[in-house]
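Peer 1: Let me begin by handing over the structure; questions about it come next.
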Amino acid sequence: MQLNKLFKHWSFRIFAPGTVLREKYEAFKRLLIYDARCHEQMAEFQDLLHGNRREDLCRMRKRFSLFSDQVYGMVISLEIMAPGEYVSLKEYHKKFDFYVRFLLAPPAIDFGPPFVLSLDEIRPENKNIGNKAKNLSILKSELHLPVPSGFAVTTNAFHYLVEYNNLRKILDDLLSELNIESSHSMNWISGQLMERIRNAEVPPDIEQAILASYEELERDGRAVITAVRSSAISEDGEYSFAGQYTSLLGITKEKIITAYLEVLASKYLPEALFYRISNGLSDEETAMSVLVLEMVAAEYSGVLYTRAPLQEDEKDDTLHLHVVRGLGEALVGGTVTPVQYVLTREGQPKLLPKKERDSVLSQRQIEKIGRWGAAIENHFNAAQDIEWAIDADGDLFFLQARPLQISSGVEPPGESTAVEVDDQILLLSDCERAAGGRAAGKVYRLSADHVLEDVPAGAVLVTRDTPPSYVQVMNRLAAVIAERGSQASHFATVAREFGVPFLTGTVNATEIFEHGSMVTVDGDHGVVYQGKVEALLGGRAEPVKESQYHRTLREVLKFISPLELIDPAGENFTPEGCRSMHDIIRFCHEKAVQAMFSAGRPGTGRGALKLSADLPLDVFLFDVGGGIAQGAEKGGTVPLDGITSVPFQALWRGLGHRDIQWKQKPFDWEAYDKIELAGGIPPSRDSFAFASYAVIGVDYLHFNIRFGYHFTIVDVLCGENTSENYCLLRFAGGGGDFDRRSLRIDFITRILEQLEFIVEKKGDMLEARLSGLESSELEKTLDMLGRLLGATKLMDMVLQDQQMVLRCVDDFFNGRYSFSQQG
């Protein structure tokens, strides 16, 4: 909201107040500005939780710090207005501030030795080594399976490098600016972060430990070539991070330090940042350890899934083997289509007969991989995603073992669904089903003119390949169709994690599917339909997995959002009654209004006047010049016809429309059973506790309207200068649950947009603005705005769904202004 306009006509030239009253007046203006910002920020916190938005915890810490400062600003402003009356309020702010900062604080870190551990030295309980290195150590030491020689550089070394180069604050500041919804933000912040790590000086202790471990690999005098891979904390566990970090091959001793820095820097690749933040993990939870393995000169490489990655039948216990010639990077990178085998577990794993390309492995080799893969699954007691390689001598080595990401509840392929809409089929089974599910969207075909960064939300991506870097736009994708790749690619693994349907091995996909055309992708059956097939959509719902991010955010909001101080006249409406930041905000606002409106008007000695009108609203008026006719005051009240404020009269005409029901009826809100509302309007009181208040001038209005548990602020300038005229609106709160409050916000938004307001929604709050209208046109708009505000008093208690919202919008423009009951 344009807060600099909020008090445009509050001019000291009119009042010439004394010093004390001037300070009080200035403090009140500041408090209202802080109040507006606090409500904006609370709405953003709610939107993060309920809107399923994700951001780095560094950004959330910064967000809370700014919010807490605004709340403290309200406390200080109130202290100026009412010195010595609420001295304990600061302590309650300090308490809630401490609780939230504690919840958001990063974990303790260890940057002391050891900096390097050999595979033989790694133990399952080591917290400074990621799962990739740990699991290989287990395969070697406990299962006695063939694993290349190697060592791991611990997360202690990463933390030490960050501290040694004074990078922690720089990294945190950059992460606090990151917006994963913006490709520009992702790429720019990523570049800055990676540059800092690449240019960092490796502490001498770490460099010496790495080189000593490398020399141990070469102890027999031969030069060793290595693969340098990530083994980050949280990787290869519940979260795969498949392909999100850099792996470097063919590294010599001379290049090992540079390679180490490059793998550390890959922690901040755009796709890695997106994956981590989307899964609700903090930067500190994914500290990087690095695995250095002696390279296998692979003749054949591949991936073994010890279960079907698309779970059609819980009884299906077949193993799925994917094989390519040479190194496996092209396979997991999604740029080749592998030879595939299916093995049964009856007795020992056996190759099932299946029409395939020319076999590249012998049956003995295939069954050996399957047999050892089954043993790995049994040891970890979970389906496994296993990488392996066979060298020129025929020796088998295992390079990785991690939990397999499975699409569960996938329907088995069949013709029944396809037959029902066979005239719309664009693709039928001529592909590999890499991730299940169904979705519809417009085709976005990658090309020189249509680049990845510009993929719109809800698109069906059509591409030749699916490198892991494409994960950075996964949140925008409805589905993916690729010409090359397989179930065994890193991208397929992540697509299954995100629940994005993915068909691969689709010949000529970039020619079949027209850019911009609507299609429906059935990842369960391997079918693509022309247009949007509603009958196939809205089927099974994947269970929503609540992350640590959500759990932390819920705990944080316990100290921010709940409102305990419902009744300003209640016994608990004290600083000691505050149980959240919201309570402090509410308390400060209420007490500031009372302090300001019970004071004499500057220069006159006259306080606020109460409006005498025919609506059951307690409204107190504060005239800043020309808003009330001379002699209209009678015993502290002023009649409606004594108001000369043009925008106030226009808005009130709408509020008082004959078709708006203001008849008082008891309405018991169970969620807030401390007071009884009458038709959405609190019972009349003689104090300001339940009142609305308006600052008025002849062409100015700042109106804070209270309807039960939601509040509205209308700020208007309606004068002769069209270029200066504006109307600003803020609407928030309510007695219904969050979903119903959000439905009311949707209703109001649709009305305001048809009235040509520019609207911004944040959770259950909206802000709208309109400017540049002639005064006569603005008066008509204010009349309609008044009708809207009167009509929506209790809408959050009756709205059920979006269809009802749309019906009510049509009804409103057809002259219906009462929605407290739906018939």
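Peer 1: Taking only the stretch 777-799 into account, find how many residues are farther than 19 Å from Val716 by Cβ, not in a helix (DSSP H, G or I) and not charged (D, E, K, R).
Peer 2: 3
Peer 1: For the stretch 365-400, give me the residue count where each residue is among the acidic types (Asp, Glu) and without any contact (Cβ under 8 Å) to a residue 12 or more places away in the chain.
Peer 2: Counting residues in the stretch 365-400 that are among the acidic types (Asp, Glu) and without any contact (Cβ under 8 Å) to a residue 12 or more places away in the chain gives 1.
Peer 1: List pairs: first residue in the stretch 560-579 and aromatic (Phe, Trp, Tyr), second residue outside any loop (DSSP other than H, G, I, E, B) anywhere in the structure, Cβ distance under 8 angstrom, at least six positions apart or on different chains.
Peer 2: That search, which allows pairs on different chains as well, returns Phe573/Phe587; Phe573/Glu590.
Peer 1: Here are Val303, Val292: which of them is over 24 Å from Lys127 (Cα atoms) and touching a residue at least 24 places away in the same chain (Cβ under 8 Å)?
Peer 2: On inspection, the qualifying residue turns out to be Val303.
Peer 1: Considering only the stretch 723-730, I want to know if a residue exists there that is assigned to a helix (DSSP H, G or I), surrounded by 19 or more Cβ atoms within 10 Å (Cβ to Cβ), touching a helix residue (DSSP H, G or I) at 6+ places or on another chain (Cβ under 9 Å) and touching a residue at least 60 places away in the same chain (Cβ under 8 Å).
Peer 2: Among the residues of the stretch 723-730, not one is assigned to a helix (DSSP H, G or I), surrounded by 19 or more Cβ atoms within 10 Å (Cβ to Cβ), touching a helix residue (DSSP H, G or I) at 6+ places or on another chain (Cβ under 9 Å) and touching a residue at least 60 places away in the same chain (Cβ under 8 Å), which makes the answer no.
Peer 1: Then there is this: Is there a residue being in a loop (DSSP other than H, G, I, E, B), of a type in the set (A, V, I, L, M, F, W, C), over 22 Å from the mean Cα position of the chain (by Cα) and surrounded by fewer than 19 Cβ atoms within 10 Å (Cβ to Cβ) anywhere in the stretch 449-464?
Peer 2: Taking every residue of the stretch 449-464 in turn, at least one turns out to be in a loop (DSSP other than H, G, I, E, B), of a type in the set (A, V, I, L, M, F, W, C), over 22 Å from the mean Cα position of the chain (by Cα) and surrounded by fewer than 19 Cβ atoms within 10 Å (Cβ to Cβ).
Peer 1: Then there is this: Scan the stretch 631-655 and report the pairs whose first residue is in contact (Cβ under 8 Å) with a residue 24 or more places away in the chain and open to solvent by 10 Å² or more (accessible area, probe 1.4 Å) and whose second residue is among the hydroxyl-bearing types (Ser, Thr, Tyr) and not in a helix (DSSP H, G or I), with Cβ atoms within less than 8 Å and a gap of 6+ or a chain change.
Peer 2: Thr637/Ser612; Pro639/Ser612; Leu640/Ser612
Peer 1: Another question, then. For the stretch 176-190, check the following and say yes or no: at least one residue is free of Cβ contacts under 8 Å to residues at least 60 places away in the same chain, part of a helix (DSSP H, G or I), out of contact with any Leu (no Cβ under 6 Å at 6 or more places or on another chain) and over 23 Å from Gln244 (Cα atoms).
Peer 2: no
Peer 1: Here's a follow-up. Considering the stretch 731-757 alone, what residues qualify as being free of Cβ contacts under 8 Å to residues at least 60 places away in the same chain and under 14 Å from Leu806 (Cβ atoms)?
Peer 2: Result: Arg744, Asp746, Ile748, Thr749, Arg750, Glu753, Gln754.
Peer 1: I'd like to verify a number: residues in the stretch 296-316 that are buried (at least 20 other Cβ atoms within 10 Å of the Cβ), hydrophobic (A, V, I, L, M, F, W, C) and part of a loop (DSSP other than H, G, I, E, B), how many?
Peer 2: Matching residues across the stretch 296-316 total 2.
Peer 1: Moving on. Which pairs do you get when a residue that is closer than 21 Å to Arg433 by Cβ and crowded, with 22+ Cβ neighbours inside 10 Å, found in the stretch 470-483, comes within reach of a residue that is charged (D, E, K, R) and at pLDDT below 90, reach meaning Cβ atoms under 8 angstrom, with the pair 6+ apart or on two chains?
Peer 2: That search, which allows pairs on different chains as well, returns nothing.
Peer 1: Report whether or not Thr252 is without any contact (Cβ under 8 Å) to a residue 24 or more places away in the chain and of a type in the set (Ser, Thr, Tyr).
Peer 2: Considered against the rule, which asks whether it is without any contact (Cβ under 8 Å) to a residue 24 or more places away in the chain and of a type in the set (Ser, Thr, Tyr), Thr252 comes out as no.
Peer 1: Could you please find all residues in the stretch 494-517 being open to solvent by 10 Å² or more (accessible area, probe 1.4 Å), more than 27 Å from the chain's Cα centre (by Cα) and of a type outside the set (S, T, N, Q)?
Peer 2: If the condition is that a residue be open to solvent by 10 Å² or more (accessible area, probe 1.4 Å), more than 27 Å from the chain's Cα centre (by Cα) and of a type outside the set (S, T, N, Q), then Gly505, Val507, Glu511, Ile512, Glu514, His515, Gly516 are the ones that fit.
Peer 1: Which of the residues that make up the stretch 758-785 are at negative phi, open to solvent by 10 Å² or more (accessible area, probe 1.4 Å) and under 27 Å from the mean Cα position of the chain (by Cα)?
Peer 2: Pass one, the stretch 758-785, residues at negative phi: 758-762, 764-771, 773-785.
Okay, now just the ones that are also open to solvent by 10 Å² or more (accessible area, probe 1.4 Å), so 758-762, 764, 767, 769-771, 773-777, 779-781, 783-784.
The answer is Ile758, Val759, Glu760, Lys761, Lys762, Asp764, Glu767, Arg769.
Peer 1: Run Cys38 past the list (1) farther than 26 Å from Arg769 by Cβ; (2) at pLDDT 85 or above and report the number of the one that doesn't hold.
Peer 2: Condition not satisfied by Cys38: (1).
Peer 1: Tell me which of these Lys355 doesn't satisfy, since it passes every other one: (1) open to solvent by 10 Å² or more (accessible area, probe 1.4 Å); (2) at pLDDT 90 or above.
Peer 2: Among (1) open to solvent by 10 Å² or more (accessible area, probe 1.4 Å); (2) at pLDDT 90 or above, Lys355 violates only (2).
Peer 1: Right, another one. What is the number of the single condition among (1) part of a strand (DSSP E or B); (2) at pLDDT below 65 that Phe397 does not meet?
Peer 2: Condition (2) is where Phe397 drops out.
Peer 1: Could you identify the single residue in Leu319, Leu269, Leu293 that is open to solvent by less than 10 Å² (accessible area, probe 1.4 Å) and at pLDDT 95 or above? So that I can check it myself, show each step before the final result.
Peer 2: Values: Leu319 fails: at pLDDT 95 or above; Leu269 fails: open to solvent by less than 10 Å² (accessible area, probe 1.4 Å).
Within the list Leu319, Leu269, Leu293, the selection yields Leu293.
Peer 1: Inside the stretch 788-823, can you point out the residues that are at pLDDT 85 or above, open to solvent by less than 70 Å² (accessible area, probe 1.4 Å) and over 20 Å from Phe731 (Cβ atoms)?
Peer 2: Asp801, Gly815
Peer 1: Can I ask one more? Among all residue pairs at least 6 apart or on different chains, which show Cβ distances below 6 Å where the first residue, located in the stretch 47-64, is in contact (Cβ under 8 Å) with a residue 40 or more places away in the chain and the second is open to solvent by 20 Å² or more (accessible area, probe 1.4 Å) and among the hydrophobic types (A, V, I, L, M, F, W, C)?
Peer 2: His50/Phe738
The values are calculated or read from the model by the stated rules, or taken from the named source; none is laboratory data. Remember, predicted model here, so these are calculated numbers, not experimental data. Please note: Cβ atoms are built from the backbone with ideal geometry, for glycine as well, and neighbour counts cover all protein chains shown. All accessible areas refer to the heavy atoms of the entire protein, side chains included, with ligands and DNA or RNA removed. Shrake-Rupley method; radii C 1.70, N 1.55, O 1.52, S 1.80 Å.
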